[in-house]
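K.L.:
Dropping the structure in here first, questions after.
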Amino acid sequence: MVKKMNKEKFINKLIEKLNIDKNTAILINNIFENYFIIDKKNKDKIVNDLMNELKIDLEKAESIYEKVMDLITTTIKNKIKHPFRKD
């Protein structure tokens, strides 16, 4: 239950940050969940999946990748700095 709520919050943040609809945000989230995001080798795989699934060009896919990774790292940093704060 808690994991689902966190996922929903993350999807809502994707919607805000990328200015996209909910279905696209869910699709992007699913693509990122398929890979171990810390590994830099997976960047190309994620970008390729974004291009194929969303029917976008390389530049747009890399932009989405960078924004999502920024959101993920910011969220992780905030959780480390303030472990008991609820967002």
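K.L.:
Restricting the calculation to Cα positions, tell me the Rg (one decimal) and the Dmax (whole number) of the chain in Å.
P.N.:
Using the Cα atoms of the chain, the pair Rg, Dmax is 13.1, 40 Å.
K.L.:
Now, a different point. Too long at a 18 Å Cα-Cα cut-off: which of Lys13/Lys79; Lys17/Lys81; Lys43/Lys67; Lys9/Lys77?
P.N.:
Violating the 18 Å Cα-Cα cut-off are Lys17/Lys81.
K.L.:
Right, something else. Pulled fully out, how much extra length does the chain show between Leu54 and Glu16, if you take 0.36 nm times their separation in residues and subtract their Cα-Cα distance? Spell out each step's value before the answer.
P.N.:
Working: separation 38, 0.36 × 38 = 13.68 nm, distance 1.78 nm.
That works out to 11.9 nm of additional length.
The numbers here are math on the coordinates, done by the rules we state, and not lab data. What you see is a predicted model, and the numbers here were worked out from it, not measured in a lab.
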